[in-house]
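Inspection log for the structure reproduced underneath, given as structure tokens.
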Amino acid sequence: MPTTTTDAKSKADDAMAQIAELRAQVEALTREKLAGVVEHTVERVEAAAHDASEAARERAEALAVVVRERPLTSVLIAAAVGYLLGRAGR
């Protein structure tokens, strides 16, 4: 009988060791996968931020051209917008 108990304990210990090893492997694989996903996401966010920055710069340049071409109209529009914002803020 002692041999059966010892064998059962040995098999249980082996099973626990295998489970611990599998858990470590799964954690390592998960970290590797997540690192790749995070890196890809960071690259996409940086690209989107760059694109947004470029679009804003282009719009600002286009607005500057319009203001230079029509300064009086630009001043009148700015005054109207200021007036409307002032009224809305009350």
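The values are calculated or read from the model by the stated rules, or taken from the named source; none is laboratory data. Just so you know, these numbers come straight off a predicted model, no measurement behind them. Please note: Cβ atoms are built from the backbone with ideal geometry, for glycine as well, and neighbour counts cover all protein chains shown.
Considering only residues in the range 1-19 that are of a type in the set (A, V, I, L, M) and surrounded by 10 or more Cβ atoms within 10 Å (Cβ to Cβ), the one that is modelled with the lowest pLDDT turns out to be 8. The set of residues in the range 56-70 that are of a type in the set (D, E, K, R) and assigned to a helix (DSSP H, G or I) comprises 57, 58, 59, 61, 68, 69. Return yes or no: is residue 73 assigned to a helix (DSSP H, G or I) and surrounded by fewer than 10 Cβ atoms within 10 Å (Cβ to Cβ)? Considered against the rule, which asks whether it is assigned to a helix (DSSP H, G or I) and surrounded by fewer than 10 Cβ atoms within 10 Å (Cβ to Cβ), residue 73 comes out as no.
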